[in-house]
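Below is one structure, written out as structure tokens; the observations come after it.
Each reported figure results from applying straightforward, stated rules to the coordinates on display, with no laboratory input. A quick note: this is a predicted structure, and the numbers were derived from the prediction, not measured. Glycine also receives a Cβ, built like all others from the backbone with ideal geometry; neighbour counts cover every protein chain displayed.
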Amino acid sequence: MPDFTLWDIFRNLLMAARWTVALSLVAFIGGSVVGLALLVLRLSGGPLVGRLVGAYVQLFQGTPLLMQLFLLYFGMAMLGVNTSAWIAACVALTLYASAYLTEIWRGCVAAIPRGQWEASASLALSFGQQFRHIILPQALRLAVAPTVGFLVQVVKGTALASVIGFVELTKAGGMIANVTYEPMLVYSCVALMYFALCFPISLYARVLERKLQ
């Protein structure tokens, strides 16, 4: 590797890591917004809406994220809709995250004793008031730790965006390894960077869980 120093490799990987962080944040924030909307629909929309939201969750949980990326990116192209790898990755990961967050938060709401709903209903509160003032604050305490922990899965899931040509950390590592002929060194650096991103989040989730308990 005469023309590339370790610093050259690390610097280029660090620049690509910015896109990994950006994609993770877009997917997590977008997934949170969509997931919260789906949760409210599931709780308040009646049996039919609840089954439709459940089918949505099962669809995205029961199929590989890699396949979702392929279908969205290449499928849209076959339909004549040109989309960039960035847009396709953002949409696919947002839908993926929303399905999991909806289920995580549904479990947290279900953990709230039914008596809380009944007590708030006896005060003539609407569903929105019950959910916002009574149920949500209690469910939020249960949801914080698993929600933060799920962010680790989102960060690692961004690596699959490399298959559609989006240049994030994994894709950049492959490109650098092809140029430097040092795959062990390059992918070791990639692994360390993913660890540096994910370990603090995992640690923070455990700290939150202990505090909330």
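For the stretch 42-77, backbone nitrogen atoms closer than 15 Å to the point 7 Å from S126 Cα along Cα-to-C-beta are found at 44-45. Among A89, A177, A77, whose mean-square fluctuation peaks in a Gaussian network model of the chain (Cα, cutoff 10 Å)? Highest fluctuation of the listed residues: A77. Label zone (R210, point 7 Å along Cα-to-C-beta; backbone nitrogen cut-off 17 Å) within the stretch 127-150: 145-146, 149.
Run through all the Cα pairs of the chain and give the fraction in each 10 Å bin from 0, expressed as whole percent. Spelled out per bin, shortest first, that is 8, 27, 29, 20, 10, 4, 1, 0. Mean-square fluctuations from a GNM of the chain, with a 10 angstrom spring cutoff on Cα atoms, peak among L123, L192, L52 at L123.
Ranked by the mean number of other Cβ atoms within 10 Å of their residues, highest first, the peptides 130-141, 3-14, 31-42 fall in the order 31-42, 130-141, 3-14.
The peptide list 165-171, 193-199, put in order of mean Cβ contacts within 10 Å with the highest first, becomes 165-171, 193-199.
Over what distance in Å are the Cα centres of the stretch 137-190 and the stretch 18-56 separated? The two parts, judged by their Cα centres, are 21 Å apart. Each residue of the stretch 53-65 was assigned a 3J(HN,Hα) from its phi angle through the Karplus curve 6.51 cos²θ - 1.76 cosθ + 1.60 (θ = phi - 60°); the sequence is 5, x, 5, 4, 4, 5, 4, 7, 7, x, 10, x, 4 Hz, with glycine and proline shown as x. With the alpha-carbon atoms of the stretch 9-131 aligned to their principal axes, the span from lowest to highest coordinate is 62, 36, 21 Å, starting with the largest.
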